[in-house]
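Input: a single structure, listed below in structure tokens.
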Amino acid sequence: NAGVTQTPKFQVLKTGQSMTLQCAQDMNHEYMSWYRQDPGMGLRLIHYSVGAGITDQGEVPNGYNVSRSTTEDFPLRLLSAAPSQTSVYFCASSRDRADNSPLHFGNGTRLTVT
Amino acid sequence: GDSVTQMEGPVTLSEEAFLTINCTYTATGYPSLFWYVQYPGEGLQLLLKATKADDKGSNKGFEATYRKETTSFHLEKGSVQVSDSAVYFCALIPASGTYKYIFGTGTRLKVLA
């Protein structure tokens with residue numbers, strides 16, 4: 001089983017460039033989300049989706065856009081990259097929003113903005 | 001707002017030592033509590049969980065008990081192995097049912113042979 005697949009694994013951008021981080025899951029999960037992981041700050045929620053066509057903001061949404069046109073895919077777009085967006089990004093999904101539905105994480109994308 | 005506080009790392013232990021990683025939380029009502037583990041180069045994966053007071057979650061020799069009176073969910077293992085070296089995250093889902101995980105900052109564990 002592929003689970004949650006993120007691409008690319010590594011990316012270097014210059015300030016002002018845009019890019020899309022890809023996330024796909026093959027488990028027919030309803031819920032998908034994006035987190036960023038920074039040293040000393042744990043994981044912070046950027047955006048999430050409770051189903052195709054529905055997205056909402058998390059804790060740190062500024063500078064990022066998302067869309068959910070299919071159940072499987074949940075891309076994260078950086079509109080104009082800034083050094084403050086240097087981080088490791090994780091996509092996660094779960095079957096639904098019940099407490100007994102654990103999050104399944106991808107292996108992450110390490111982004112550096114110079 | 002709701003929050004999770006974990007002990008600072010890194011924690012370095014010898015193989016077969018006893019492990020405790022402290023986790024306390026601030027939340028209204030009865031949140032659901034979780035421990036996730038992140039092995040090098042990978043995403044997080046669920047280690048164990050507890051959804052009501054006095055519940056004990058357990059998996060792979062790890063245990064944690066939901067203590068409402070002390071708002072704690074400390075992770076313990078009686079005998080660690082080198083393969084347990086990872087970063088451990090305590091997390092909660094608020095009782096309000098918003099399903100927005102709140103993660104602690106993570107505690108890195110290094111086990112020496």
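A short reminder: the numbers here are calculations on the coordinates, not readings from a lab. Being a predicted model, the structure only gives us computed values, none of them experimental. Note that we place each Cβ from the backbone using ideal geometry, even for glycine, and neighbour counts take in every protein chain shown.
Could you go through the range A:109-114 in sequence order and give the Karplus-derived ³J(HN,Hα) for each residue, using 6.51 cos²θ - 1.76 cosθ + 1.60 with θ = phi - 60°, rounded to whole Hz, and x for Gly and Pro?
10, 8, 10, 10, 10, 9
If you average 1/r across every pair of different Cα atoms in chain A and take the reciprocal, what Kirkwood value do you get, in Å?
In chain A this quantity evaluates to 14.0 Å.
Provide the three semi-axes, in whole Å and in decreasing order, of the ellipsoid equivalent to chain B as defined by the square roots of 5 times the Cα gyration tensor eigenvalues.
24, 14, 12
Between their Cα atoms, which of A:Lys9/B:Lys68; A:Lys9/B:Lys110; A:Lys9/B:Lys100; B:Lys56/B:Lys100 are more than 30 Å away from each other?
The pairs that break the limit, which is 30 Å between Cα atoms, are A:Lys9/B:Lys68.
If the cut-off is a Cα-Cα distance under 24 Å, which lysines reach A:Lys14, setting aside same-chain residues fewer than 8 apart in sequence?
none
In the protein assembly as shown, if the dipole is taken from +1 on Lys/Arg beta carbons and -1 on Asp/Glu beta carbons about the Cα centre, which of B:Phe18, A:Ser87, B:Leu44 is farthest to the positive end?
Checking the options against the dipole of the protein assembly as shown, the answer is A:Ser87.
Would you work out the relative contact order for chain B, in percent, from Cα pairs under 8 angstrom that are 6 or more residues apart?
Reported relative contact order: 37 percent.
Among all the aspartates and glutamates, which ones have a C-alpha under 14 Å from B:Lys52's C-alpha, if same-chain residues fewer than 8 places away are not counted?
Result set, ordered by chain and number: A:Asp99, B:Glu69.
Any idea what the dipole of the protein assembly as shown comes to, in debye rounded to 20, about its Cα centre with Lys/Arg Cβ at +1 and Asp/Glu Cβ at -1?
420
Of B:Ser32, B:Val4, B:Ala95, which is farthest on the positive side of the dipole of chain B, counting Cα position, with +1 on Lys and Arg Cβ, -1 on Asp and Glu Cβ, and the Cα centre as origin?
Comparing the listed Cα positions along the dipole, B:Ala95 ranks first.
Leaving out same-chain residues fewer than 8 places away, which aspartates and glutamates sit with a Cα under 19 Å from that of B:Lys77?
Of all the aspartates and glutamates, those that pass the test against B:Lys77 - Cα under 19 Å, at least 8 places apart if same chain - are B:Glu8, B:Glu15, B:Glu16, B:Asp54, B:Asp55, B:Glu63.
So for the protein assembly as shown, taking the charge dipole from beta-carbon charges (+1 Lys/Arg, -1 Asp/Glu), which of A:Leu13, A:Trp34, A:Gly51 sits furthest toward the positive end?
A:Leu13
Which shape class, rounded, prolate or oblate, goes with the range B:64-110 when its Cα gyration tensor gives a ≥ b ≥ c as root eigenvalues, a/c under 1.5 marks rounded, and past that a/b bigger than b/c marks prolate?
oblate
Taking every Cα atom in the protein assembly as shown, find the radius of gyration and the maximum pairwise distance Dmax, and write them in Å.
Cα-based Rg and Dmax for the protein assembly as shown come out at 17.6, 51 Å.
Normalised by the number of residues in the range B:16-73, what is the relative contact order in percent for Cα pairs under 8 Å and 6+ residues apart?
Taking the mean separation of contacting Cα pairs over the length of the range B:16-73, I get 30 percent.
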